[in-house]
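Trainee: Okay, here's the structure, questions in a sec.
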Amino acid sequence: MLADELSKREYATQESLLRRAVRAVIDWFTGLFDATAGDAISIWWYALAGVGLVVVLALIVWGLIRLQPGRRVRTAREGGVFDETGVAATDYLSRARRARDAGDFAAAVVDGYRALVAGAIERFVLEDRPGMTAREIATALTGPFPDSDEELQTAAGAFGAVRYGGLGASAADADRVLALEEHLRQTTPRALELT
């Protein structure tokens with residue numbers, strides 16, 4: 001009598017559609033490896049399971065590398081120098097001088113450094129490679145301007161601090177970058193002296 005009562009439909013536990021689907025897939029998959037269920041499993045099922053495992057592991061490794069927080073920070077901190085294309089060195093220099101006169105020393109540092117780099121590219125002293133960081137450019141310009149190595153590194157550091165570090169700049173920082181730009185513009189690069 002109790003068994004009859006409990007067998008009624010209102011006491012039955014029903015699984016959700018999602019649980020039934022998951023259970024069906026699991027039963028099917030485990031049935032593939034159940035040798036007592038019939039034929040022995042073929043080598044192709046093992047190969048398919050192996051390939052699936054390799055794909056899952058590759059996706060996990062790719063996700064760990066791609067989503068590494070330190071990697072995103074380094075990329076943001078070390079971006080390219082130029083945001084715009086087709087701006088001449090004289091235009092950057094004019095903007096830097098206007099910013100310096102207006103007391104916007106951070107903008108003067110950024111545009112002054114961009115004027116320095118654009119001028120070197122226009123004079124064929126520096127190869128135009130989009131995405132080069134300020135430090136990479138300073139290192140590349142040390143060869144043609146070996147006497148300006150320290151000033152180049154200082155200017156690159158000031159550019160990076162303002163552009164990617166969110167720091168301000170002083171009038172002295174702006175003046176140093178603008179003086180370096182003028183010095184390099186008036187100096188014959190070492191490679192050009194030899195020709």
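Every number here is computed from the coordinates shown, using simple stated rules; none is lab data. In this text, all values refer to a predicted model and were calculated from it rather than measured experimentally. FYI the Cβ positions are ideal-geometry reconstructions off the backbone, even for glycines, and counts take in every protein chain you see.
Trainee: Sort the following peptides by mean Cβ neighbour count (other Cβ atoms within 10 Å, averaged over residues), highest first: 179-187, 151-159, 46-54, 107-115.
Mentor: Descending mean neighbour count gives 107-115, 151-159, 179-187, 46-54.
Trainee: Considering Cα pairs under 8 angstrom that are at least six residues apart, work out the relative contact order of the range 89-193 and quote it in whole percent.
Mentor: For the range 89-193, the relative contact order is 33 percent.
Trainee: Which residues' amide hydrogens lie under 5 Å from the amide hydrogen of VAL81, considering only partners 5 or more residues apart or on another chain, with H built in the peptide plane?
Mentor: For VAL81, the qualifying residues are GLY131, MET132.
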